[in-house]
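J.: Input: one structure, supplied below.
Taken together, the values in this text are just the output of simple stated rules run on the coordinates, not laboratory data. Worth saying up front: this structure is predicted, and the values here are computed from it rather than measured.
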């Protein structure tokens with residue numbers, strides 16, 4: 001199992017940023033201070049929800065059936081994720 005990229009500091013819980021990238025082929029290193037992509041800033045659960053939304057062609061009705069939840073529950077979860085993404089974009 002591949003280790004998951006951490007997005008929060010294990011010591012203080014603040015957001016982490018990427019400071020180094022490397023090429024496995026030629027061993028080039030690139031250093032700097034780069035923010036994480038927006039979708040990586042979401043929790044595993046939120047990322048999974050978005051993937052299921054995508055794979056169900058955006059059908060909340062289909063997702064509700066697959067998840068065993070009501071349509072309003074799934075809709076509320078989507079609204080919460082949309083709200084969180086808007087907040088992250090404004091940072």
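J.: Would you list the P(r) distribution for the range 38-89, with all Cα-Cα distances sorted into 5 Å bins from 0 and each bin expressed as a whole %?
T.: Here the calculated profile for the range 38-89 is 4, 22, 31, 25, 13, 5, 0.
J.: Please report the spacing between the Cα centers of the range 1-28 and the range 58-91 in Å, no decimals.
T.: 28
J.: Using only Cα atoms and rounding to the nearest 10 degrees, what angle (0 to 90) does helix 44-55 make with the longest principal axis of the chain?
T.: Once rounded, one gets 60 degrees.
J.: Mind checking the log10 I(q)/I(0) for the chain at q = 0.23 Å⁻¹? Debye, one equal scatterer per Cα, no solvent, two decimals.
T.: Taking Cα atoms of the chain as identical point scatterers yields -1.17.
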